Every structure is written in C-alpha cells, then in structure tokens.
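Next up is a structure, given as structure tokens.
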Amino acid sequence: MLTPYGEKFSGEDILPQYPRPQLIRDSYLNLNGPWDYAFTAGEEPAQYDGQILVPFPPESPLSGVEKALGPEGALWYRRAFRLPEGFRRGPVLLHFGAVDQEAEVFCNGQLALTHAGGYTGFWADITELLTEGDGENILTVRVRDRLTSGPCSYGGQKRYTAWSGIWQTVWCESVPDGYVSSLRIVPLPEENVLEVTVNPGGSAGEGDACTVTVDGVEYALAAGQAGRIPTDGLELWSPETPRLYGMQVSLGKDLVHSYFALRSLTLRRDSQGHRRFFLNGSPIFFNGVLYQGLWPDGLSTPPTDEALLRDVKAVKAMGFNAIRLRDKVECPRFYWHCDRLGVMVLQGLPAGGRPGLPPLPGVRDNSHALFGRKDADSRNQFKRELRETAQQLMNAPSVVIWELFDEGRGQFDTDSLCTYLDELDGTRLIDRASGGVDQGYGVFKSVHSLGPRLRLRADSKGRALLLSACGGLGNRTEGHCWSAKNTANVLYDSPQRLAFAVQELFDQIRDQAGQGLAGSVFCQLTDVEAEVTGFLTYDRKRYKIPPVHLRKMIQIPL
C-alpha cells in the first residue's frame, strides 16, 4: 500500500528540508539517500548486501529493502561522503535525527559515538576523525534493535509493524570553534518576558557575551545564564492565532536563527466552579485527535515533508485544536508545522516495559516486576529517554502537555518521575497515566472510554477530567485497507452510519463538557494497518467523513 506521496517517490532528494527549524545555520550537508547495508550476526560484513534509502527503516517499502532486523542480529550501514568546498570553517558536527534502538557510529573506522534509545536525536563532533582537505570519508553505523526484550522504549511497535535502524534525517554542519550548542526558551506571558538561555559549545564558555535579537531589538546576554527579554506588545499564541516570532542569536562568530511563541496552559476553576484548561488565561476545551505518525510506505518515516504537513493540515481542517501523539517522538519539523498552524500537542512518551496492563484496584506502580520494570537498566533508560525528549522538545510552543504512561504499559514510580520531569520543564502540565494506573495525584485525571457510549464519572478527588481516548469507531473503505481483517471497537458498514455514530458521541461529549469535562481525544486521525478507526484511510487517499461536515460535528463551545 502506498500513499500518493509514495506513488510519486523517485528515490532522489529525500527529505531535503533543514531538519531542525529552531536552530538554523547556513551550514548544512544532507546525508539522506543511498547507503550500503548488510544484516549480520553482529560483526562488520566483509561484503554488503545492497543499498538502502536512508532514512527509511529497512522494513518499509520506501527503503528498497523490506527486511526486518531481528533482536539477535545487527544492521550495518555504510556511505562515503566528501565535504563541499568551503564547508569547513571549524568543527564538523554529525547529526542523527533518530536511530532505533542502539547505534554505534564510526567515521573512517574510528568510533565517533554510541547512543541508546530509538526516538531522540544525537550528534558528535567528528572533526578529528575526518580526512585532511576534501578527501573521501566513510561513515559506518551498526544498529541493534532488541525491541521489547531490551531496556529501550519500543512505543507502538508491539501493536504494529516494528521498524529499526535510521529513520530520521542524517546531516552535517560546520560551526566556529565557539558555538551555540542549544537554546532554552521559556515564555512567561504573565510577566511579559521571555527567558532565554544560550548554551555554549566548543571553545565558548559560560559567561561569554552573546546577543539575542527579537523584532529588530538587540539584547546582550551571558552564555549559559538565563536572561530575560521584554515582550510587551507581542501577541499570544493560540490555535486561532498561532503567532510566531523570529529570533537571531550570535555567540562569537556563530550565528543561528530560531523562533518562539508566547503562551501558557494552566488548570483552574471557571466561573461555574469547573476545573478546566486555560490557555493564556482563557478557558479552552482540549479538543484533540489521536495521531500515531505511521505510514504504509515509510512506516515511522513520512515519504515527504509535504505528507507530514498534510496530516497536520487535516487536523485543522477537521476542526480539532489538538493532537495526542501516542508512543512516538516525531521529527522536529512535525512540531514546527504544529507551531505555525496552531495545533496543541499532548506528547506521549514511547512505552517500554510490559506491553500492557489494565487498571487494577489497589495496584501500586512501584510493583516493578508486575509492570515489566524489574530490570533497573529499563527504568534508568526510560529516565534517560524522558530527559532527552524533554530537552529536544523544550522550545516547541505547540507541546503543552507531557504524557508519561499510556494504559499502564511499563508504568513505574510515577510520582518521582513527575517530580523529575517538572524539574526539567516546569512550564507544561503532566498527564501522569493516560487510562492507566491512577495514583490519585496530579491536577487532572486522564481516562479512556472507547465505543459509542461514554462511561464517565467525576473524579472522587475533585480533579479535572481529561477523556484522553474515546471513539474507536471504524469503517472499512474498500480498496484502501491494509489487510482483509479489520479491527475497531465498533465496526460500521457504511460511512453514513459511522458519521451518525460520531455525531452521537460528540453530542455526549458536549453534554459532559457542560458538566465540567476539560477535554477529549478522539481515536484517531488515520487508519493504522488493520485498525480502521481513522477519519482518513491509512493510504491518506480517502476521508470517511468530509472535513467540512466533521468540523461542524465536533465543535465544543464553552
């Protein structure tokens, strides 16, 4: 099965767009495209099997391989590259958007770095490993993927076709000796300020002078220290007015471009005493749709950036104001599309540990063995992945809620992890356990109710209620199905009956919203493999309900 983008795919100029919209330099060498590959028992191959198109997983049709990496073997990548004339102006940094799950990267036969965790980016300074001048360089990558048997999070790969290997853009940049390593941007609209920290790298150090330019005005800051920039007169970001502002940062000879937005999401009581989400001080119903970010032709990787953008545009066209991103950390360009189009994101952490556990009365999440977290390596790895995810998405205005666990999968030590996440990022709300083992804490309770009838009751502790999964209503669209066997909580035999059921469900949600329900997430934006519960077919070729009609059906006025 191919999407329209997969049908037009030529294998050339693969995902060429600059992959990191919040830290842009004019130095950019894209390394996507044909690489040599080989499957082995672990050792480096004497001869490679053929060519794979990076960054598509080897299991995907667009990779040209369509072969799975088993938990006992290794997948090797190799490609030669030359730095363009004039490219080197200082250190050369090599970036990987994501590699599933464990990667060892070699440059000209020497180890450059290792990384564990299949959903976050990583990089290394390879300057000392490069050949002199404009000579040829050889990159080699060894990948291991233990899926559910290792400590790394596997996300939705237990439910759907698993993927492995390089699945986001690989690229190089050259920077001055002292450079901007990263930015931390914290909007504080209640105080009319933006807090900015310019983290130094290379020979640059804490306290070095740097300049941040916003709206034509320069502000002098010290690297590594939080500085405050006034934002009087700047517009606030919302789904209706997704206002972004450009930012230019200079540190020594380094110059980068970024952007920011001003927004806040809090929970408080409205005039009727209901606990609700407040965006920028005004009540808002979190009206979301589940998104799993999977593709029939690229699996975890969209065929093109245009395809990714179209999914976000579909969310807006249908009238939703939010996405719940389940079991996957997307590429940075996905969040940029959400930022600029005005879509709030509830960001779920990919699951690890035990594949699934229903909520059980009296069960505490410190029962590590019960949740598949007996191994301390698994618990420590989840914490590392949590830190990397928070750091990677820290500056995305669209990300307003973190979700730690979904339906009890691998849930453990929720209280201490919430404290840890709040220390990393105290600017967002935390969904502690979406439909999972509720410990009775937090500012809101997150519940699931799938099927055509809602089964909700007020929280006994008086917390706000988020219906973080509802629906699961399906319709099989002939000629656009992944398999002959289809799954849904309820399967309807026509789009008309599906539309009627969706209308009835949103009538119930509207009624519950009037009684204090703070938000809902409908399952789901697209079909995924055998699941036919999407508003769009898996190949993205058919809407089951026209967006213009759906938009009228799902409105939740407050």
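Computed from the coordinates by the stated procedures, all read-outs in this text should not be read as laboratory data. It should be emphasised that the depicted structure is a prediction, and the values quoted were computed from it without experimental measurement. Don't worry about glycine lacking a Cβ; one is built from the backbone with ideal geometry, like all the others, and counts go over all protein chains shown.
Can you tell me which lysines have their Cα less than 23 Å from the Cα of Lys316? Leave out same-chain residues fewer than eight positions away.
Lys328, Lys541, Lys544, Lys552
When each pair of different Cα atoms in the stretch 26-174 is counted once in the 1/r mean, what is the Kirkwood radius in angstroms, to one decimal?
Working: mean 1/r = 0.0640 Å⁻¹.
So the Kirkwood estimate lands at 15.6 Å.
Another one. Return an integer: the convex hull volume of the alpha-carbon atoms of the stretch 363-427, in Å³ per residue. Walk me through the numbers on the way to the answer.
Values: hull volume 5.4 nm³, N = 65.
Given the Cα convex hull of the stretch 363-427, per-residue volume reads 83 Å³.
Here is a follow-up. If one computes the Cα centroid of the stretch 368-390 and of the stretch 301-350, what distance in Å separates the two points?
Distance between centres, Cα-based: 26 Å.
Right, something else. Check Leu450: other-chain or 5+ apart residues with amide H under 5 Å from its amide H, H built from backbone geometry?
Counting only residues 5 or more places away or on other chains, the set is empty.
Could you point to the residue in Ala369, Pro557, Ala390 farthest towards the positive end of the chain's charge dipole, with +1 and -1 charges on the Cβ of Lys/Arg and Asp/Glu respectively?
Comparing the listed Cα positions along the dipole, Pro557 ranks first.
Applying the Karplus parametrisation 6.51 cos²θ - 1.76 cosθ + 1.60 with θ = phi - 60° to the phi angles of the stretch 174-182, what ³J(HN,Hα) value in whole Hz is obtained for each residue in order, glycine and proline being reported as x?
10, 10, x, 4, x, 8, 7, 6, 6
Pairs to check: Lys158/Lys383; Lys383/Lys461; Lys374/Lys485; Lys158/Lys485; Lys67/Lys374. Give those whose C-alpha atoms are more than 26 Å from each other in this structure.
Numbers: Lys158/Lys383 21 Å; Lys383/Lys461 28 Å; Lys374/Lys485 36 Å; Lys158/Lys485 18 Å; Lys67/Lys374 32 Å.
The pairs that break the limit, which is 26 Å between Cα atoms, are Lys383/Lys461; Lys374/Lys485; Lys67/Lys374.
Still on this structure: Using amide H atoms built in the peptide plane, which far-off residues or other-chain residues are under 5 Å from Phe87 H to H?
Under 5 Å from the amide H of Phe87: no residue qualifies.
Would you kindly state how much longer the chain becomes between Tyr420 and Glu72 on full extension, computed as 0.36 nm times their sequence separation minus their alpha carbon distance, in nm to one decimal? List each step's numbers first, then the result.
Details: separation 348, 0.36 × 348 = 125.28 nm, distance 3.36 nm.
That works out to 121.9 nm of additional length.
Also: Remind me, what semi-axes does the stretch 178-260 give for its equivalent ellipsoid, largest first in whole Å, using sqrt of 5 times each Cα gyration tensor eigenvalue? Don't jump to the answer; show the numbers that get you there.
On the way: eigenvalues 115, 30, 23 Å².
That gives 24, 12, 11 Å for the three semi-axes.
Can I ask one more? Percent of alpha carbon pairs in the stretch 158-222 separated by more than 15 Å? Mind dumping the intermediate values first?
Numbers: 1419 of 2080 pairs.
Considering the stretch 158-222, 68 percent of its Cα-Cα pairs are separated by more than 15 Å.
Give the distance, in whole Å, between the Cα centre of the stretch 82-139 and the Cα centre of the stretch 1-79.
Computed from Cα coordinates, the inter-centre distance equals 16 Å.
From the helices alone, meaning DSSP H stretches of at least four residues, give me the mean residue ellipticity at 222 nm for the chain, per-run term -39500 (n - 2.57), in deg cm²/dmol to the nearest 500. It would help to have the intermediate numbers written out before the result.
Numbers: 7 runs with 84 residues, N = 558.
Calculated from helices alone, the mean residue ellipticity at 222 nm is -4500 deg cm²/dmol.
Just the number, please: percent antiparallel of the DSSP beta bridges in the chain, rounded to the nearest 5.
Working: 87 of 124 bridges.
Among the beta bridges of the chain, antiparallel pairing accounts for roughly 70 percent.
Another one. Give a residue-ordered list of calculated ³J(HN,Hα) values for the stretch 67-78 (Karplus: 6.51 cos²θ - 1.76 cosθ + 1.60, θ = phi - 60°; whole Hz; x for Gly, Pro).
3J(HN,Hα) across the stretch 67-78, in whole Hz: 9, 8, 8, x, x, 9, x, 9, 10, 9, 10, 8.
On to the next question. Averaging over every viewing direction, what projected area does the convex hull of the Cα atoms of the stretch 456-558 cover, in nm²?
Details: hull surface 27.6 nm².
Approximately 6.9 nm², given one-decimal rounding.
Please list, ordered by chain and number, the residues whose modelled amide H lies under 5 Å from the amide H of Gly33; skip anything fewer than 5 residues away on the same chain.
Val54
Which ³J(HN,Hα) values, rounded to whole Hz and listed in residue order, are derived for the stretch 258-275 from phi using the Karplus coefficients 6.51, -1.76 and 1.60 in 6.51 cos²θ - 1.76 cosθ + 1.60 with θ = phi - 60°, glycine and proline given as x?
In residue order, the calculated couplings are 9, 7, 8, 9, 9, 6, 9, 10, 10, 10, 7, 8, 8, 5, 9, x, 7, 7 Hz.
In the chain, what is the volume of the convex hull around the alpha carbon atoms, normalised per residue and reported in Å³? The partial results should precede the final answer.
Numbers: hull volume 83.4 nm³, N = 558.
Enclosed volume per residue, from the Cα hull, is 149 Å³.
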